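One structure is given below, encoded as structure tokens.
The values are calculated or read from the model by the stated rules, or taken from the named source; none is laboratory data. Computed from a predicted structure; not experimentally measured. Here the Cβ is made from the backbone with ideal geometry for all residues, glycine too, and neighbour counts use every protein chain on show. SASA here: full protein model, heavy atoms, side chains in, ligands and nucleic acids out. Shrake-Rupley method; radii C 1.70, N 1.55, O 1.52, S 1.80 Å.
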Amino acid sequence: MAALLLALAGGFYLYLRSSLPQTSGRIVVAGPKATIRIARDADGVPTIIAQDDADAAFGLGFAHAQDRLFQMELMRRYAAGRLAEIFGPTALPVDKEMRVLGLYRAAQQEISYLSPQVSRALTAYAAGVNAFLATRHGALPPEFLLLRFSPEPWSEADSLAWGKLMALQIGGNYRGELLRAAMARTISPADLAFLYPEYPKGAPTTLAAMLPIYRRLGLARLYAALPDAVGPHYASNNWVVDGRHSKSGKPLLANDPHLLFGAPGPWYLARLETPGSEIVGATAAGVPLVVIGHNDHIAWGFTTTTADVEDLFVEKVDPSDPGRYLTPEGSASFVTRHEKILVRGAASVDVTVRATRHGPVLSDVLPPGTADPGYVLALSATFLVSDDRSAEALWDADRATDWPAFKSAWRNFVGPMQNTVYADDTGTIGFIAPGLVPIRRNGEGWMPAPGWTGEYDWNGYIPFDALPSAINPPSGRFVSANNKIVPDSYPYFLSRDWDLPNRAERIAALLDATPAQTPSTSAAIQADTFSLMAKQLVPLMTNVIPADQPSREAIALLRHWDFRMDRDKAAPLLFTAWLRQFSRAVLFGRFGDAIAGYWDLKPRVMAAVLTERPDWCDDPKRPGTETCAARLLKSLAAALAELRHAYGDDMTSWQWGRAHVAVFPNPVFSRIPVLRDWVDPSIATPGAYDTLNRGPSVIRGADRPFEQVFGAGLRMITDLAAPADARMIVTPGQSGNPLSGHFADLLRRWRDFGWLTPGGTAPAAILDFFPAN
């Protein structure tokens, strides 16, 4: 019996192994016009060699499907609101939100606006994915087997849905509007202005008029119904220096976008070769585009601008007819459509989705009867416009060979708005922040505005030629790290959601320190762990007189710290745990549960409390009983007790890396306790909230609050003296199949700043495609 069980287990394992892709040999497929070659290197990075762009897209679709099929399937189902078909009732809230937003419908509408060339590429890419489905042998990837379903054929809209999801996930400003409106019901305008240092001057007047309505809108339920926001921000770093500031004499460009971690990760490296060009860099599974990278002549990289391109409008329902709402011109009918959500293991759910002149009614995410029927919330968002040609913009940017062509490509870009750095082999460097940004008649989209008056409506978009853009500055460089990119004199409103300037200031300082950049010095900048946040806060926090020996030891340790968030040090762990406890004590002590959605480390606000508003440390229920010194000492004691319980009594043996672990969850296997420990890659990492080697923690969780869940899943450094030698790395690996040797083989190299040169090494496997026709 034991032998039989072992044989069965071995047979099943071999069957699962048959889900790994064929990477060498010959395949005859329908679709391509000529022979296509996929040559993979030892790290699983494919070079796709084809006779034209459409066949290259076919090859990339085939390679993506080989390595990331379930990731692609999950992406399109998420965008279309079809997760409940495979996950059951637990996915219904997400599906309902996505049906209300209508992202997939918007992706379908985008197709008719694209050029024939881009349409052909999308069709060829889909044909490549479907050719894999038609010719594969053996099992589907393990997730399909576990969930017991097979993928449907790929379509052009499936690819375009990725751009819509990125716009939603990177933007997400409407979540902030909901949170601020919910907080405003119990927190005064003056306190809100302190909590949000970029609080607009005119907000209190608007706030006073809308407060009674905010209290009736079910904002807390709506905020809770939306998918969780992860971390303080999605964030990124990029910079470019000209030839006067590089050792090679040509521009040098570096980029490390920070997104949510996962296994597989969001990026897939590839090299596309045709007789006309070579395009190399980070692709996204499901899309026939190089998103970040270089071609023979230019290189480019992105950081998120955090532009405010979403607004919530409070619509007043017509009191005489619930099927209508009020506008400046009178009563108008809701535009409605009916959606059926199929649910695995349960009855299907019928959903009625409404839209106003501003956009979809977000309130329809909530169950009926949970909000005041006299008002609804509608969402205006640039990524829902019908004539979105963002895919075409990126397609043209991939193939540009100089600054005029590159800049012109972005005229078609809708979003998400990006700080784009550029360099070319002639020596030009450039910066542009393309995307649609609304011009508002009044206000700045800080909180939900009345929709029935028309006073806060959008009045067009910032003209393309007025968007932030420049080339060849006297400083010889451009730097962005989600910081404010325009001066106060800029005539249009872009955002108030800028990140702290810490990372941008640190990049500038390190570039100054090494005026002749090389790929190695730029890699050292990306690896930097110095925290300006800690440098500012530690002197303020340690300016207390401890009453016990453990507190004295802790404060002495921090006073002698160099403010580097290295994984082998105790000080980063102690500092973060203390700041976490202090921010919680101050914020919850003053505002109670109303602050729950806002709570984070909030270094800028905590520094202001300690220097400008010590009264915030007091207990509002018992004025005069608490000081900041007392709050700090109590918070330190709580942090020390927490750390002793987790890591032992010897403070000198604590290490940041024991708590600060980057985790890459798999969307299916992470839900299964036994498999989770095997499938979820993880590794101890340095970095923190504001370091260039970005490593923020989601501190709200009681369990593993210092875990790192997003960061630089891609790094790239390109010297335009030799673009083909560009350094790149993704994590945890190229494959999405846990049985593959390339599932997490890049994790340690990524952590330790190892590099790949996509297509720059001899192929380890070659697969040739021959057209069936």
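Annotation note: trypsin sites (Lys or Arg not before Pro) in region 685-773 located in DSSP loop regions with a Cβ neighbour count of at most 16 within 10 Å are Arg700.
For region 662-738, which semi-axes, largest first and in whole Å, follow from the square roots of 5 times the eigenvalues of its Cα gyration tensor?
Details: eigenvalues 160, 72, 10 Å².
Output for region 662-738: semi-axes of 28, 19, 7 Å.
Max-minus-min Cα coordinates of region 63-195 on each principal axis give 64, 40, 22 Å, with the largest extent listed first. Accessible surface for region 46-153, divided over its residues, is 33 Å² per residue with a 1.4 Å probe. Extent of region 538-679 along its three principal axes (Cα atoms, max minus min coordinate, largest first): 53, 36, 24 Å.
The residues of region 219-345 present an accessible area of 33 Å² per residue when probed at 1.4 Å with all protein chains retained. Sequence-distant contacts, meaning Cα pairs under 8 Å at least 6 residues apart, place the relative contact order of the chain at 20 percent. For all pairs of alpha-carbon atoms in the chain, what percent lies in each bin of width 10 Å, listed from the first bin to the last filled one? Histogramming the chain at 10 Å steps yields 3, 13, 22, 26, 21, 11, 3, 0, 0 percent.
For region 368-478, a simple Cβ point-charge model (Lys and Arg +1, Asp and Glu -1, everything else neutral) yields a dipole of about 180 debye relative to the Cα centre. Volume of the convex hull of region 394-507 (Cα atoms only), normalised per residue: 123 Å³. Amide H to amide H distances under 5 Å link Ala235 with His258, where only residues 5 or more positions off or on other chains count and H is placed in the peptide plane.
Give me Rg/Rg_expected for region 255-326, where Rg uses Cα atoms only and Rg_expected = 2.2 N^0.38 Å with N residues.
So region 255-326 has a normalised radius of gyration of 1.91.
What base-10 log of the normalised intensity I(q)/I(0) is obtained for region 216-311 from the Debye formula, alpha carbons as equal point scatterers, at q = 0.13, 0.20 Å⁻¹? The Cα Debye sum returns log10 ratios of -0.67, -1.16. Accessible surface of region 318-376, 1.4 Å probe: 56 percent of it comes from carbon and sulfur atoms.
Estimated from helical segments only, the mean residue ellipticity of the chain at 222 nm is -10500 deg cm²/dmol, where each DSSP H run of four or more residues counts as -39500 (n - 2.57). Once backbone amide H atoms are built at 1.01 Å from N, Glu278 has Asp296 as its partners under 5 Å, excluding neighbours fewer than 5 places away on the same chain. For the chain, hydrophobic long helices are taken as DSSP H runs at least 18 Å long by C-alpha position along their axis with mean Kyte-Doolittle hydropathy of 1.0 or more; these are 2-17. When the trypsin sites (Lys or Arg not before Pro) in region 20-74 are filtered for DSSP coil states and for at most 16 other beta-carbon atoms within 10 Å of their beta-carbon, the remaining sites are Lys33. Computed on the Cα trace of region 701-773, the radius of gyration divided by the Kirkwood hydrodynamic radius gives Rg/Rh = 1.12. Amide H contacts for Thr327 (H built 1.01 Å from N in the peptide plane; partners 5 or more residues away or on another chain; cut-off under 5 Å): Ala332. Relative to its residue count, region 1-148 spans a Cα convex hull of 148 Å³ per residue. Averaged per residue, region 482-536 has 42 square angstrom of accessible surface, using a 1.4 angstrom probe with ligands and nucleic acids left out. P(r) for region 474-615, from all Cα pairs and a bin width of 10 Å, is 9, 30, 32, 21, 7, 1 %, short bins first.
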